[in-house]
Amino acid sequence: MGGAVRLVVAWATVAAFAWFGKGWLGDLAQPLWAAGLFAWLIGVILWAAFGVVHEAEELAEMLGEPLGTLVLTLAIVIIEVALISAVMLSAKDAPTLGRDTMFAVLMIVLNGVVGLGLLVGGLRHHQQRYNLQGASSFLMVIIPLTTIALIIPNFTTSTSDGTLTRFQAITFSVFTLALYGVFLLIQTGRHSDFFKDAIVEGQSAPEAAAKAAPASGAVLRHTVLLLANILPIVLLAKNLAVILDHGIGALGAPSALSGVLIAAIVFTPEAISALKAIARNELQRAINLCLGAATSTVGLTVPAILAIGLLTGQTVVLGLKPTEMALLTVTLILSTLTFSGLRTTVLEGAVHLIVFFVYLVLIFSP
């Protein structure tokens, strides 16, 4: 019943903005009206995003790991790309939006969610186990993807200010998609065991792997419901982008705040799902969600925003600022150290959280 109400509200909101949106969005000079529309859209988008997570978790139970979390991660990243694209296409000038959103996702996921999760998990379970090969595989892809996308553009000599030439944009997009594609083949194919819980002592391999095959009808139903929850978010993205662009300009807020808001809106449901998994002592699922989100974000967002830039002639700035590059480097080193052993403790969580809080401070006081 709750899912049906959520869909009705989401699609009713889509219909309302399709019919009246032009007039509503033309009157944003009134602060209370703009705030009301923003709250309405944020509420509906978040509610629909929780619906996406619910349906993806149902599919995860049927499909098992790693396909289950992969479905959720890809669904969330599709929403993120849609929001970024909508803002880029509707805003007058948003050259750093894609960069800011990707960086925000990396900081929120790799430091905020991982830090809080490991802290809570350590306090509750003392030490938690996971599959080291899976975490290492994620980081092996995240490190070059983030370096190519967010650091190298600052050091190329063909352009300045962290931008890329047309040739660089096309080739970097191809390389990024190729690496991400290879990773997906590994994750869902011959090395899918890397992303599953290690077999616990006393449990045989057949027993650990035994799982009833999901009914095709149930999988189809939840897939349709997943798409039905995603589509309203994508359709409402343009309206949210107009209000967001207006609000950031009117308040004189830092431009990076747009990226933080998009990342927070999109990844809040997935973050809650990851924290619940850690509370249940399912650290492997949480790692698949967090590191998978970081991998998919860069792997899919970079080609998308570069394509928009090339097609529309917009300037796309990818290179991070010096302080942000330092934070990214520290985050990647910390993540490598955190997931270099077979167990995690409270200490790792506390360190990641401190880096996340430093990131929040630097948004408002660069």
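Any read-out appearing in this document is the output of simple, stated calculations on the displayed coordinates, not a laboratory observation. Fair warning: this is a prediction, and the values are worked out from it, not measured in the lab. Using ideal geometry, Cβ is built from the backbone for each residue, glycine included, and neighbour counts are taken over all protein chains shown.
What does the charge count around Ile76 come to, taking other residues whose C-beta lies under 15 Å from its C-beta (Lys +1, Arg +1, Asp -1, Glu -1)?
Numbers: positive: Arg285; negative: Glu55, Glu57, Glu80, Glu270.
That works out to -3.
Would you compute the Debye intensity of the stretch 205-330 from its alpha-carbon atoms alone, equal scatterers and no solvent, and pass along log10 I(q)/I(0) at q = 0.16 Å⁻¹ to two decimals?
-1.20
Based on the Cα coordinates of the stretch 76-144, what is the per residue volume of their convex hull in Å³?
Each residue corresponds to 109 Å³ of Cα convex hull volume.
What percent does the relative contact order of the chain come to when contacts are Cα pairs within less than 8 Å and at least six residues apart?
40
Give me the distance in nm between label points sitting 7 Å out from Cα along the Cα-to-Cβ direction at Ile333 and Val8, one decimal.
That separation, rounded to one decimal, is 5.6 nm.
Could you give the alpha-carbon Rg of the chain over 2.2 N^0.38 Å, rounded to two decimals?
Ratio of Cα Rg to 2.2 N^0.38 Å: 0.99.
At 7 Å along the Cα-to-beta-carbon direction for both Leu227 and Leu251, put a label point, then send me their distance in nm to one decimal.
In this crude spin-label approximation the distance works out to 3.6 nm.
Please give the direction-averaged projected area of the C-alpha convex hull for the stretch 109-158, in square nanometres with one decimal.
So the Cα hull casts an average projection of 4.4 nm².
Report the Cα centroid-to-centroid distance between the stretch 225-302 and the stretch 3-30 in angstrom, as an integer.
Here the answer is 20 Å between Cα centres.
What helices does the chain hold that run 18 Å or longer along their axis, going by alpha-carbon atoms, with a Kyte-Doolittle average of -1.0 or more, using DSSP H for the helix calls?
Helices meeting the span and hydropathy rule in the chain are 2-25, 31-63, 67-90, 132-146, 166-188, 216-251, 256-279, 283-312, 322-338, 346-364.
Can I get the semi-axes of the stretch 1-148's equivalent ellipsoid? Compute them from the C-alpha gyration tensor as square roots of 5 times the eigenvalues, in angstrom, largest first.
Whole-Å semi-axes of the equivalent ellipsoid: 34, 22, 15.
Compare the peptides 136-147, 231-242 by average per-residue count of other Cβ atoms within 10 angstrom and give them in order, highest first. Before the final figure, lay out each step's value.
Details: 136-147: 18.8, 231-242: 22.2.
Per-residue mean Cβ counts within 10 Å order the peptides as 231-242, 136-147.
About its Cα centre, what dipole magnitude does the stretch 2-364 give when the only charges are +1 on Lys and Arg Cβ and -1 on Asp and Glu Cβ, stated in debye to the nearest 20? Numbers along the way, then the final one.
Values: 17 positive and 19 negative charges, 27 e Å.
Once rounded to the nearest 20, the dipole reads 120 debye.
First select every other residue whose beta carbon is under 15 angstrom from the beta carbon of Val14; then total the charges, Lys and Arg +1, Asp and Glu -1.
Working: positive: Arg6, Lys22, Lys238; negative: none.
With Lys, Arg at +1 and Asp, Glu at -1, the net is +3.
Please give, to one decimal in nm, the separation of the simple spin-label points placed at Phe175 and Ala16, each 7 Å out from Cα toward the Cβ.
Rounded to a tenth, the inter-label distance reads 4.7 nm.
Which residues' amide hydrogens lie under 5 Å from the amide hydrogen of Thr344, considering only partners 5 or more residues apart or on another chain, with H built in the peptide plane?
Residues meeting the criterion, in which the H sits 1.01 Å from N, are Gln128.
Taking 51 Å as R0, compute the FRET efficiency from the Cβ-Cβ separation of Leu32 and Asp193 and round it to 0.05.
That pair, Leu32 with Asp193, gives E of 0.40.
So between Gln133 and Ala218, what do we pick up on full extension, going 0.36 nm a residue minus the alpha carbon distance? Walk me through the numbers on the way to the answer.
Values: separation 85, 0.36 × 85 = 30.60 nm, distance 3.17 nm.
Result for the pair: 27.4 nm of gain on full extension.
Which of Val302, Gln284, Ser136 sits closest to the plus end of the dipole of the stretch 2-364, meaning its Cα is farthest towards the positive end, when Lys and Arg get +1 and Asp and Glu get -1 on the C-beta?
With unit charges placed on the Cβ atoms, the residue in question is Val302.
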